[in-house]
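All remarks here apply to the structure that follows.
Throughout, read-outs are computed from the coordinates displayed, never taken from laboratory work. These numbers were taken from a predicted model, which means no experiment stands behind them. So basically every Cβ, Gly included, is an ideal-geometry build from the backbone, and we count neighbours across all protein chains shown.
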Amino acid sequence: MENTEIKQQTPEELKELGNQAVKGEKFAEAVLHYSYAIKLDPNNYVLYSNRSYAYLKMLHYYSALEDAHSTIQLNPTGPKGYFRKAEVEFATKHYRDAVKSYEQALYYLPHDETVKGALIKATAMYISDKRTLEQIPWVGSGIGIVIGVLLVILDYIATAKSTHPLLMAFITILISLIGYGLGKGYCYYEIAQRDGLIQPPPNLFEEDDSDKTNKNDNSKGKSKLGARFTKSQARQRYKKGKLS
């Protein structure tokens, strides 16, 4: 009977399998191949860069950003890590950070048209997004003023005796301030949503660990109570023995 040896795949072979999976848009499969290759060759920055791209296509932004950071750490003078980082930041609407990362990638690869185009696009989006976020509160304020003016007109038409002008002006200003506050609140909410995209996912096993800890503590407490109860019983039996 012949002894057959199973040949272990090399990191390069696994990388190629991952690349083929990416071409076929099988990104989860690609992540598996790259992850296995990283276990065999943990200092290969190309593997982290490729896995970052696969994670990005799966919308796993936190993991994609972590792999981009690993790429930069392993190859700080190469453009790949900064470009991957910029791609994640652009996808999560962190345009200012994306501009900085693209600039770093372009510094190490100054003649690359892809990086140049991405930088121009990110810069345009940053300017547009910044302007939009600055204008939203004032738009809310403007809507509040319009609503206030409409209330003044309705009050003038619908009632025989109009409300005092100063009171109506105060109400208009108040509605305008509420609109401004709502606009500001929306901006903060939007920024928080973007930040949430690159936060680590919740640890589902943390609750299980805490439950186990609580159970262990409860069992220890019960054992201590049991031991105390046993000692008290022993004392009572001892006293009964002396009395008899």
- Note on the structure: About its Cα centre, segment 130-197 carries a charge dipole, from +1 on Lys and Arg Cβ atoms and -1 on Asp and Glu Cβ atoms, whose size in debye to the nearest 20 is 80
- Which FRET efficiency value, to the nearest 0.05, is calculated for Asp195 and Ser35 with the Förster distance at 25 angstrom and r the Cβ-Cβ distance? 0.40
- segment 1-160: relative contact order in percent, alpha carbon pairs under 8 Å with at least 6 residues between: 12
- Surrounding charge for Ala98, neighbours by C-beta under 10 angstrom, Lys/Arg +1, Asp/Glu -1, total +1
- Query: At what distance in nm do the modelled label points of Thr10 and Thr123 sit from each other, each positioned 7 Å from its Cα along Cα→Cβ?
  - Reply: 4.3
- Hey, any idea what Rg/Rh is for segment 130-197, computing Rh the Kirkwood way over Cα pairs? 1.20
- Message: As an exercise, identify the trypsin sites (Lys or Arg not before Pro) in segment 4-97 lying in DSSP coil whose Cβ has no more than 13 other Cβ atoms within 10 Å.
- Response: Lys7
- Task: Output the peptides 188-201, 107-120 sorted from most to least packed, where packing is the average of other Cβ atoms within 10 Å over each peptide's residues.
- Result: 107-120, 188-201
